[in-house]
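Structure first, then comments.
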Amino acid sequence: MTLREKQCEFWNMVAKLILYAKEFLGASITIIEWLRTIDTQRVLVARGASKTMNSKHLKGLAVDVVFIEDLTDDGELNYEIDKYVNLGLFWESIGGTWGGRFGDDPNTEKIDGWDAMHFQYKE
């Protein structure tokens, strides 16, 4: 599958995620980041906000979303991972990888990954 075909499939998955949030959770979500430049990725890794230079954001195959009420007017985020669990489980059910599982201990059922707002294409 070409990158463009993967992107189209991913975009359709993102549309489903947005509709799921509205229809089943009664919540509005917005995309706060989709495509990153390599320079932006370098900065995020240097700051510790990202852990890889191989982010799917670089190919347009990842999004970071936030519930509207968790985004303050000054751009700061105020969220709890638990709020994103239903979105993450839905995302996984349609074939994606959810950042809420990043760093999870595979020996426990607890979801405590460090990037709950991150949704990416699974290759």
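Could you tell me whether Glu92 is in contact with a Phe, Trp or Tyr (Cβ under 8 Å, 6 or more places away or on another chain), within 18 Å of Phe10 (Cβ to Cβ), surrounded by fewer than 18 Cβ atoms within 10 Å (Cβ to Cβ) and not small (Gly, Ala, Ser)? Before you say what the answer is, go through the steps one by one.
Details: in contact with a Phe, Trp or Tyr (Cβ under 8 Å, 6 or more places away or on another chain): yes; within 18 Å of Phe10 (Cβ to Cβ): yes; surrounded by fewer than 18 Cβ atoms within 10 Å (Cβ to Cβ): yes; not small (Gly, Ala, Ser): yes.
Yes: the conditions hold for Glu92.
Can you tell me which residues in the range 13-26 are at pLDDT 95 or above and either over 11 Å from Gly96 (Cβ atoms) or aromatic (Phe, Trp, Tyr) (or both)?
Step one: of the range 13-26, the residues at pLDDT 95 or above are 13-23.
Listed by number, the residues that qualify are Ala15, Ile18, Leu19, Tyr20, Ala21, Lys22, Glu23.
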Note to self: Step by step: first the residues of the range 1-39, then only those that are more than 16 Å from Glu92 (Cα to Cα) and basic (Lys, Arg), then the one that is nearest to the chain's Cα centre (by Cα). Which residue is that?
What the structure shows: Arg36
Check: Does the range 41-80 hold any residues that are touching a strand residue (DSSP E or B) at 6+ places or on another chain (Cβ under 9 Å), in a helix (DSSP H, G or I) and either aromatic (Phe, Trp, Tyr) or farther than 21 Å from Phe10 by Cα (or both), and which are they?
Finding: Ile68, Asp70
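The values are calculated or read from the model by the stated rules, or taken from the named source; none is laboratory data. Everything numeric here is computed off the predicted structure, so don't read it as measured data. Please note: Cβ atoms are built from the backbone with ideal geometry, for glycine as well, and neighbour counts cover all protein chains shown.
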